[in-house]
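Take a look at the following structure, please.
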Amino acid sequence: MSSTKNATNAAKEPPELHILDDIGPSWAGMMGAKWLAGELKAIGNDAPKISVRMNSYGGEVFEGLTMYNLLKDHPASIHMHIDGVAASIASIIAMAGDTISMAAGSYLMIHNPWTVAVGEAGDLRHSADLLDSLTDTLAEVYASRSGKTKGEFLDLMAKETWIDAEKAVSLGLATEVSSNKQAIVNSLSPKLYSLETVPDGLRRCATLAAKLNARIDSIDRDTMDCRTRGHLVAKLMQSAQGTGAEGVRIPEILAGKADCQTEAALELFSNVLEIPMDDLKAAHAEDGCRCQSDSIITSKVDHRAQIAAWKVVGQRIGK
């Protein structure tokens, strides 16, 4: 299904693209360069203006860089609207806008790219060198947009910095704050951000998330395998299939950016991570949220495709 508004309205209003999901290959159920190239081809080169609405936690860096360049190279004036969040490589795509409007309450997030690497010492050094090169490239994009130095953005990226709309304007990363609506942040991401860096306004079930992450870190220390977290998240997704927890935004819950939504989700975490259910309920009660009484909000992403993507993206450069 296309994410472009009906082209027959082009004479009355500019065509509009919706980037409202993770950035990655189309076959994995994400939004990538192939999808965007097709959308831009359908629009053609005669449109004077294209609006792009964005809410994405990011994804695969090379897909995102290609999308950034596709938008930059298009002859139309690109008007970017950040309705919720443009994090990681999604924030780079946002920089392609000739204008960048951020909804009140929306965020940019910038950080260093990361990867999962295996192999001998030479392989790991190569991966580290590639990460350093990509870090410089991303910092140059932010600096070029803002007029500030690359060094300033290298510092912000190293800290994993969340930037609200007002701050983004002051940094030169956005042109205006749109006050006509409040941002709604709702997405699924295969990347777990540092819980400590997530702004309070985006945190949900933070006590529960801290307990879950502590358990995963404990398992990670026992196994001494850097891939443990990824394997556990994939196992949680697989175990959720066909249960009351199917569709629950597992990575977001672990990152403190989503409510657990149903007691079935707590049962899932209890069974897979081997945490007593009473401990999880106690942590959840401390958060004081009402998500257990709410109906489940399922992701439109096919989790089976997401699981497959983990196996590929985990071996490539990530957000």
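Take the range 13-50 and flag every residue that is outside any strand (DSSP E or B) and touching a residue at least 60 places away in the same chain (Cβ under 8 Å).
Listed by number, the residues that qualify are P14, L20, D21, D22, G24, P25, W27, A28, G29, M30.
Hey, another quick one. Anything in the range 71-100 that is open to solvent by 10 Å² or more (accessible area, probe 1.4 Å) and either touching a strand residue (DSSP E or B) at 6+ places or on another chain (Cβ under 6 Å) or polar (S, T, N, Q) (or both)? List them, or say none.
S77, H79, H81, D83, D98, T99
Just to be sure I understand the filter: pairs with C-beta atoms under 7 Å, separated by 6 or more residues or on different chains, first member in the range 228-245 and open to solvent by less than 10 Å² (accessible area, probe 1.4 Å), second member polar (S, T, N, Q). Which pairs pass?
As it stands, the answer is M237/Q306; A245/T262, since those pairs meet every condition given.
Related question: Tell me which residues, restricted to the range 131-165, are open to solvent by 40 Å² or more (accessible area, probe 1.4 Å), assigned to a helix (DSSP H, G or I) and either closer than 20 Å to S101 by Cα or touching a Pro at 6+ places or on another chain (Cβ under 7 Å) (or both).
Answer for the range 131-165, where residues must be open to solvent by 40 Å² or more (accessible area, probe 1.4 Å), assigned to a helix (DSSP H, G or I) and either closer than 20 Å to S101 by Cα or touching a Pro at 6+ places or on another chain (Cβ under 7 Å) (or both): S144, R145.
Would you check which residues across the range 272-291 are modelled with pLDDT of 85 or more and farther than 19 Å from D217 by Cβ and list them?
M277, D278, listed by residue number.
Those residues that are under 13 Å from G44 (Cα atoms) and part of a loop (DSSP other than H, G, I, E, B), I need them from the range 56-81; list them, please.
Residues satisfying the conditions are H74, P75, A76.
While we're on this one: Taking into account only those residues within the range 9-28 that are open to solvent by 40 Å² or more (accessible area, probe 1.4 Å) and at pLDDT below 85, which is nearest to the chain's Cα centre (by Cα)?
So, considering only residues that are open to solvent by 40 Å² or more (accessible area, probe 1.4 Å) and at pLDDT below 85, the one nearest to the chain's Cα centre (by Cα) is S26.
A further question on this structure: In the range 44-69, how many residues are open to solvent by 10 Å² or more (accessible area, probe 1.4 Å) and within 15 Å of G24 (Cβ to Cβ)?
Residues that pass the stated criteria total 5.
How do the pairs read when you match residues in the range 85-108 that are without any contact (Cβ under 8 Å) to a residue 40 or more places away in the chain with residues anywhere that are outside any helix (DSSP H, G or I) and open to solvent by 10 Å² or more (accessible area, probe 1.4 Å), using Cβ under 8 Å and keeping only pairs 6 or more apart or on different chains?
A86/N55; A86/Y107; D98/S77; D98/H79
The values are calculated or read from the model by the stated rules, or taken from the named source; none is laboratory data. This structure is a prediction, so every number in the text was calculated from the model and none was measured. All Cβ positions, glycine included, derive from the backbone under ideal geometry; neighbour counts span all protein chains shown. Accessible surface is based on the protein model in full, side chains and every heavy atom, while ligands, DNA and RNA are left aside. Shrake-Rupley method; radii C 1.70, N 1.55, O 1.52, S 1.80 Å.
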